[in-house]
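Shown next, in structure tokens, is the structure this report addresses.
No value in this document is a laboratory result; all are computed from the given coordinates. Because the structure is a prediction, the values reported are computed rather than measured. Cβ placement follows ideal geometry from the backbone for every residue including glycine, while neighbour counts extend to all protein chains displayed.
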Amino acid sequence: MTGLGAVFRPQLPPERLRALAQLADESGLQELWLWEDCFLEGGISAASAALAWTERLRVGVGLLPVPLRNVAVAAMEAATLERMFPGRSVLGVGHGVQSWMGQVGARAESPVTLLREYLDALRALLRGERLTTDGRYVRLDGVALDWPPAEAVRILAGATGPRSLRLSGEAADGTILTAATAPEGVRRARRLIDEGREAAGRTDPHHVVVYLHTATGPDAAARLRAEMEASGEDPPPEHGVAGDADAVAEAVQRLAEAGADTVVLQPTADEPDPEAFIRFAARDVRPLVP
């Protein structure tokens, strides 16, 4: 079955999260995803609260920008979430938006090198290993978690370019693709991920999560078009869906057929009724997605 989720966008104030997370849980939505976009809301603090307020909902953080977080801190956070809420948290890490990283004095000269070192160290720490490493960016001296998770924690990497996608296949447990990724882009990403997996000799499952620009309601097409035009990308992305549950489910299915394991519906930043969007995803779209 294709996983289905929705994004709680950080353009909403943090105090809205409790009601929306509980609604997602009660409505039967599988996953709620949060973003750590600068300078809006903290991903781990928001995820911890959402998990505490709900019973069965999986909560994803997609993603944590690695230049901002020491890998030992990220490992402690991930392990704590897993031990408190077993099997209900999903953690994504990535380069971060480079202009934001520059604003805070954390921009790496080689983002791919940083991400590779970070993924290797983070996954080792979460396996309970004691780690000493002296990399270009990640340096640890006999670091081990006192409270490692009882079960393996799945670490996903946000990736877009060929080098990052191959790296994700080599060193991550899954990949997060942006909402600008059309079905053919998912197929291309899968090919590059598989190249990385083959190079690393990996045969374990690799979970691909894809965001999908989604709008519904009488002004859906206009809001979606405005969102695309305001994306800052040149040319603006064309991939997204505006319409009723049938239209959205068809778009989700196209991504699934291209290789997505989970599709996360991404509302527009000006979504007028976030509660209705959550209900729409859970009650209208989910039953139509095999």
Go through the range 167-185 and give me each residue that's touching a Lys or Arg at 6+ places or on another chain (Cβ under 6 Å) and crowded, with 23+ Cβ neighbours inside 10 Å. L167, G169
If I278 satisfies every condition in (1) hydrophobic (A, V, I, L, M, F, W, C); (2) crowded, with 21+ Cβ neighbours inside 10 Å; (3) assigned to a loop (DSSP other than H, G, I, E, B) but one, which is the exception? (3)
Under 7 Å by Cβ, and 6 or more places apart or on different chains, what pairs join a residue from the range 254-272 that is closer than 17 Å to L34 by Cβ and in contact (Cβ under 8 Å) with a residue 24 or more places away in the chain with one that is assigned to a strand (DSSP E or B) and among the charged types (D, E, K, R)? T262/E31; V264/E31
Among the residues of the range 217-231, is any of a type outside the set (F, W, Y), touching a residue at least 12 places away in the same chain (Cβ under 8 Å), buried (at least 19 other Cβ atoms within 10 Å of the Cβ) and not in a helix (DSSP H, G or I)? no
Count of residues meeting criterion [in contact with a helix residue (DSSP H, G or I) (Cβ under 7 Å, 6 or more places away or on another chain) and within 12 Å of L20 (Cβ to Cβ)] in the range 266-290: 7
Residue check, S89 buried (at least 21 other Cβ atoms within 10 Å of the Cβ) and touching a residue at least 12 places away in the same chain (Cβ under 8 Å): yes
Kindly indicate whether any position in the range 12-21 is in contact with a Lys or Arg (Cβ under 9 Å, 6 or more places away or on another chain) and part of a helix (DSSP H, G or I). no
Take L23 and tell me if it is in contact with a helix residue (DSSP H, G or I) (Cβ under 7 Å, 6 or more places away or on another chain), surrounded by 17 or more Cβ atoms within 10 Å (Cβ to Cβ) and under 14 Å from L63 (Cβ atoms). no
Check on W53, without any contact (Cβ under 8 Å) to a residue 40 or more places away in the chain and crowded, with 19+ Cβ neighbours inside 10 Å: no
Single residue of S164, S168, S110 found to be under 20 Å from the mean Cα position of the chain (by Cα), of a type in the set (S, T, N, Q) and farther than 29 Å from A49 by Cβ: S164
The range 113-134 - residue that is over 20 Å from I176 (Cα atoms) and either polar (S, T, N, Q) or free of Cβ contacts under 8 Å to residues at least 12 places away in the same chain (or both) and, of those, surrounded by the most Cβ atoms within 10 Å (Cβ to Cβ): A124
Could you pull out the residue among E195, E271 that is charged (D, E, K, R), buried (at least 18 other Cβ atoms within 10 Å of the Cβ) and either over 28 Å from R154 (Cβ atoms) or touching a Lys or Arg at 6+ places or on another chain (Cβ under 6 Å) (or both)? E271
Counted residues, the range 136-163 - those being of a type in the set (F, W, Y) and within 26 Å of R197 (Cβ to Cβ): 1
Considering residues of the range 173-216 that are in contact (Cβ under 8 Å) with a residue 40 or more places away in the chain and assigned to a helix (DSSP H, G or I) only, the residue nearest to P65 (Cα to Cα): A189
Residues being aliphatic (A, V, I, L, M) and more than 17 Å from the chain's Cα centre (by Cα) - total across the range 1-16: 2
Go through S110, S164 for me and flag whichever is small (G, A, S), surrounded by fewer than 14 Cβ atoms within 10 Å (Cβ to Cβ), touching a residue at least 24 places away in the same chain (Cβ under 8 Å) and under 27 Å from G185 (Cβ atoms). S110
So, of the residues in the range 119-161 that are part of a strand (DSSP E or B) and among the β-branched types (V, I, T), which turns out to be nearest to the chain's Cα centre (by Cα)? I155
